[in-house]
Amino acid sequence: MLTEQELSDKVKALIDGHDLTRREEFLDARFDAGLAWVHFPEGLGGLGLPRTMQAIVEQALTAARAPDNKPDQLVIGLGMAAPTILGHGTEEQKQRWLRKLWTGREVWCQLFSEPGAGSDLAAIATRAVRDGDDWLVSGQKLWTSSAHHADWGLLLARTDPDVPKHAGLTYFAADMHAPGVEVRPLRQLTGEAEFNEEFLTQVRIPDAQRIGAVGAGWTVAMTTLMSERVSIGSSRAIPRDAGMIGPALRTWREKRELRTPGLHDKLLRLWADQEVARLAAERLRQQLAAGKPGPEGSAAKLVFARLNQDISGFEVELSGADGLRYDDWTMRRSEGANFFGRGPGFRYLRARGNSIEGGTSEVLRNIIAERVLGLPPEQRPDKDVPWKDVPR
Amino acid sequence: MNLLYDDAEQALAESLKALLNDRCSWDKVLARTESEQTCDTDLWHSIAADLGLAGLLIPEYAGGAGASSREAATAAEALGAAVAPVPFLGSAVVATVCLLACRGPERAGDQEADHLLRRMAAGELTAALAVPFVTAPGGAFPVSIRVAGPQQGDQAAGWSRLRGTITGVADALAAQTLLVPADGVPPALYAVDMSTARVTRTPVTSLDMTRQLCDITLDDAPGVKVASGQEAARALTAALSAGAVILAAEQLGIAEHCLDLTVRYVKERHQFARPVGSFQAVKHRLADLWVEVAQARAASRYAADCLATDSPDAAVAVALAKACCSEVAVHAAQECVQLHGGIGFTWEHQAHLYLKRAKADSLGFGTADAHRAALAKLVNIPAP
């Protein structure tokens, strides 16, 4: 295994040996050098090193102002598709997808949720039926970020309705440009459309694009979802007064006439809660860095969802008559939730989604209660019933 | 900033927990609350002298362990989890930090403060700061005690005469020496030997009898000046800040114990032919409580670390930790009572010991509200 010094030398050699202004070439070279994601295996953009050593690479490349792969635009690909392909894909699939995924030549999205399967993801109804060397897929998916410019979709579909829900699922990579894939914007209560819904009509998917065994879709999907949590947990330290509390503090400081004793007390409570949550996130980061991940990660989403909602609600109330105005109801496509380019009304409305998306707060409480505290699991009457016989 | 526990801190916590498991079961604590001597002086001697916790914050040259508020906080978590009736907070933290601040690094030597610290480190002497337990850091210098006229021989003995009453003092019933802030020109801090007949302690029937308060009357009691003016004011603030941070750690220990106890109970207790812990109404409350405890741990660790490293953010960290941990501990103890149902409302169950300690602690060294008011100034959230 490489030492930290040897890794640093390798990064230096990459920087010295390439033209940093030629972005695509540089990214390919970085992938070939194993410096894309050092914890991945050699030959697939990595060096088989501990994940923590990636920081050495990132620091050196940032210092040299090397071009990056714009990771903010590749969230699903890097955070979810890559670990899934690495964990369950064939050698051929890894070679086919990982490089283009990492360099950003191909964008990925996730086709999991359905109108009839939100928290109960294993209940999905999109059907995949075998047809020679292919599968024919029909159904509806939704809450998909980036679907309108994605090249590939991580697709969970039902291949066997005659077995209980978890056992009849299979995982595919779907070509988003294939005939029968229709992507429509899904407009939210904020007025804009960050997400999409997809209508899949007899979409032909070659069996070579199946990831994992037939019927093993649930296990593969768990890899995808767990990776999502890891990538959230290991993010950078957040500065004080960043996030939702920032605009509320600015308004408080600038507009003396809006201040009341009751709002003052509320703001102090929210500030303190936000600051403690920030420290808890920092503590989690330190635990991960020390190689001792704790279960506290599942708390972070629950806390920030509530805080975002409470703080943005406070901000609307603090705004007085301006709290009754809204910046823009025009239907627009947007990439991700940009809380800070918009007004308090938008923040308030968008934050309502924080306790629903990526696992509702109720489901997260169940998870904490069962997996962390060891309390008895919820009753699951459909667990051993063939999917087709479950009332719905 | 380091928000984790290092190996030495974990080892300290383990040995303290082992001792408390052995010597401080909750039924013993409960029995003691109804006895003459509410402080467990034997247990305190073991903790103070044998484990060396009395000298945790005292430098090595004065016989202490030279440790920091990080270790003291770790110890306080274990003591809180056991509602241990010992004056660790009052003597090994508040009085100790007060004397250390009186001494000032440049004046270390043979003065009264050093003399007292050496005896405290050895576990021979227990001291208390004579302020009401509800005193928050950063307030005005107390004026309830004033300096009275001198008596014959005082000058030779180096004594001042102190007169007045201080109510609701914590951890003073087991103390032999009292550190008394007294009004005067300038105001000053005095060490008073409590064995004199001129000091009267009246035990208070306290909400929390595991840390029984007392009222103290000084009737021209002789005191030796240990600091005056700005130095005394700084010592008082340092002592109360350390008190608030270590109390926050104690609150974390209380909260964690209440959560563990309740989780264990709802797995065992059956109603409607199923464990009550299988009801979502119960599961979600406990999940929320676990989240709160995780948050409180971050706040508590940050404050302990800030004091240990003399961080410029220490004042914010102190107020944040005490505001957060006060509410979490009270909530945890209340949930403990509620989710135990009927048994949790009885005298014969441990829950009430934690409820009373948690509620009393939430007033100790400043309420959550008082600490949020302090934050308003520190982080520029001005009042209307």
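The values are calculated or read from the model by the stated rules, or taken from the named source; none is laboratory data. Everything quoted here is computed from the prediction, not taken from an experiment. Every residue, glycine among them, receives a Cβ derived from its backbone with ideal geometry; neighbour counts consider all protein chains shown.
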Open item on the list: Could you go through region B:322-342 and let me know if any residue there is at the interface with chain A (Cβ under 8 Å from one of its Cβ atoms) and in contact with a helix residue (DSSP H, G or I) (Cβ under 9 Å, 6 or more places away or on another chain).
Closed with: yes
Open item on the list: Going by what's in this entry, would A:Leu349 be described as assigned by TED's automatic domain parsing to the domain that holds A:Leu249, buried (at least 17 other Cβ atoms within 10 Å of the Cβ), touching a residue at least 60 places away in the same chain (Cβ under 8 Å) and within 23 Å of B:Leu259 (Cβ to Cβ)?
Closed with: no
Open item on the list: So if I check each of A:Leu373, A:Leu324, which one is surrounded by 18 or more Cβ atoms within 10 Å (Cβ to Cβ) and aliphatic (A, V, I, L, M)?
Closed with: A:Leu373
Task: Looking only at region A:123-155, and only at residues there that are crowded, with 21+ Cβ neighbours inside 10 Å and small (Gly, Ala, Ser), the one that is farthest from A:Gln93 (Cα to Cα) - done: A:Gly139
Open item on the list: So, B:His340, is that one touching a residue at least 60 places away in the same chain (Cβ under 8 Å), more than 21 Å from the chain's Cα centre (by Cα) and assigned to a helix (DSSP H, G or I) or not?
Closed with: yes
Task: Filtered residues of region A:254-268 (kept if facing chain B (nearest Cβ under 7 Å) and either farther than 17 Å from B:Asn380 by Cβ or part of a helix (DSSP H, G or I) (or both)) - done: A:Thr260, A:Pro261, A:His264, A:Leu267, A:Leu268
- [ ] Sort through A:Val385, A:Val316 and tell me the only one that's touching a Pro at 6+ places or on another chain (Cβ under 7 Å), under 30 Å from B:Leu289 (Cα atoms) and not assigned by TED's automatic domain parsing to the domain that holds A:Asn196.
- [x] A:Val316
Task: Residue among B:Ala383, B:Ala376, B:Ala332 that alone is crowded, with 19+ Cβ neighbours inside 10 Å and either assigned to a helix (DSSP H, G or I) or more than 18 Å from the chain's Cα centre (by Cα) (or both) - done: B:Ala332
Task: Any helices (runs of 4 or more DSSP H) falling wholly within region A:297-392 and containing at least 3 residues that are within 14 Å of chain B (Cβ to nearest Cβ) - done: A:297-318, A:361-367
Open item on the list: Of the residues A:Gly191, A:Gly217, A:Gly212, only one is buried (at least 22 other Cβ atoms within 10 Å of the Cβ) and either aliphatic (A, V, I, L, M) or assigned by TED's automatic domain parsing to the domain that holds A:Ala173 (or both); which?
Closed with: A:Gly217
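Yes/no per residue for (1) in contact (Cβ under 8 Å) with a residue 40 or more places away in the chain; (2) aromatic (Phe, Trp, Tyr):
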residue: B:Gln280; (1), (2): no, no
residue: B:Asp288; (1), (2): no, no
residue: B:Val293; (1), (2): yes, no
residue: B:Ala303; (1), (2): yes, no
residue: B:Leu307; (1), (2): yes, no
residue: B:Asp310; (1), (2): no, no
residue: B:Val328; (1), (2): yes, no
residue: B:Tyr354; (1), (2): yes, yes
residue: B:Arg357; (1), (2): yes, no
- [ ] Tally the residues that are assigned to a strand (DSSP E or B) and within 14 Å of chain A (Cβ to nearest Cβ), restricting the search to region B:225-279.
- [x] 4
